[in-house]
1. Inspect all residues belonging to segment 41-48 and state whether any of them is in contact with a Leu (Cβ under 7 Å, 6 or more places away or on another chain), over 23 Å from M133 (Cβ atoms), small (G, A, S) and surrounded by 14 or more Cβ atoms within 10 Å (Cβ to Cβ).
2. Give me a count of the residues in segment 48-75 that are closer than 12 Å to V142 by Cα, touching a residue at least 60 places away in the same chain (Cβ under 8 Å) and part of a loop (DSSP other than H, G, I, E, B).
3. For segment 117-143, which residues satisfy the criterion of being more than 20 Å from M33 (Cβ to Cβ) and surrounded by fewer than 17 Cβ atoms within 10 Å (Cβ to Cβ)?
4. It is to be established whether one or more residues within segment 145-162 are outside any helix (DSSP H, G or I) and under 25 Å from I27 (Cα atoms).
5. Does segment 136-193 hold any residues that are free of Cβ contacts under 8 Å to residues at least 40 places away in the same chain and within 10 Å of the chain's Cα centre (by Cα), and which are they?
6. From N125, N156, grab the single residue that is of a type in the set (S, T, N, Q) and modelled with pLDDT under 75.
7. Looking only at residues in segment 194-208 that are charged (D, E, K, R) and without any contact (Cβ under 8 Å) to a residue 12 or more places away in the chain, which one is surrounded by the fewest Cβ atoms within 10 Å (Cβ to Cβ)?
8. Inspect segment 79-99 for any residue being more than 24 Å from G184 (Cα to Cα) and modelled with pLDDT of 80 or more and give the result as yes or no.
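The values are calculated or read from the model by the stated rules, or taken from the named source; none is laboratory data. The shown structure was predicted, so the numbers you read here are calculated from the model rather than taken from an experiment. Cβ: placed from backbone, ideal geometry, glycine included. Neighbour counts: every protein chain shown.
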Amino acid sequence: MSVSCCGNENRFEGLSPDYKRRLWLVIVINATMFFVEMGAGALAGSRALQADALDFLGDTLTYGMSLAVIGSAMRVRAWAAFIKGVSLALMGFFVLGATAYHVLIVGAPRAEIMGVVGFLALAANVTSVLILMRYKEGDANVRSVWLCSRNDAVGNIAVMLAAVGVWLTATRWPDLIVAAIMAGVFVTSSVQILRQSISELRTPEATA
């Protein structure tokens, strides 16, 4: 699905039954994986798994909000994307804070649980990416969905690398480093979403 990069008139706005069906599917996938990863993260003592679980939660909420505002006025959709961008930034800073706090805790996470759950999460995220691949461009609302999906896939590859690092070093540092990197990805994506949503809020269509 190609769109114009100059001007809002050609941007896909999500007004497609097929797109809505795909959103519902990835909502179910992400909500399920949030509970799986949060529990596994607590069991394994892994900050990276818990950070990734929060990413799943953020995506579930993002997809739900995106679905709810499809067909709304430009201003409503842009504000929804803005809220999602702020939420993503807050989640990133929360993960950074939690990671800094857990640097003081002794004990490495369980690499085997990280690896198994990381693989399951990666499979879920790759599936979501493939489901949404056709709709990776569009207005800020649609774009935020794609960025969150992409972040998930990248994040889970990072979690699996952290599991390998924990297994090789028998320390918590690979886990904490990956959690911090993922937090940085959250904040970077948040900036992209906020920039596009602010740009759309300044358009004549949104200010009329």
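1. Within segment 41-48, the first condition is being in contact with a Leu (Cβ under 7 Å, 6 or more places away or on another chain), and the residues that meet it are 41, 47.
Retained after the next criterion (residues that are over 23 Å from M133 (Cβ atoms)): 41, 47.
Subsequent filtering for residues that are small (G, A, S) retains 41.
Subset that is surrounded by 14 or more Cβ atoms within 10 Å (Cβ to Cβ): 41.
Yes: one or more hits.
2. Count: 1.
3. Just the residues of segment 117-143 that are more than 20 Å from M33 (Cβ to Cβ), to begin with: 134-143.
Passing the criteria: R134, E137.
4. Filtering segment 145-162 down to residues outside any helix (DSSP H, G or I) leaves none.
Scanning segment 145-162, I find no residue that is outside any helix (DSSP H, G or I) and under 25 Å from I27 (Cα atoms), so the answer is no.
5. W146, R150, A153, V154
6. On the way: N125 fails: modelled with pLDDT under 75.
After applying the criteria, what remains is N156.
7. Going through the qualifying residues, I end up with R202.
8. Taking segment 79-99 as the starting set, the residues that turn out to be more than 24 Å from G184 (Cα to Cα) are none.
For segment 79-99, residues more than 24 Å from G184 (Cα to Cα) and modelled with pLDDT of 80 or more: absent.
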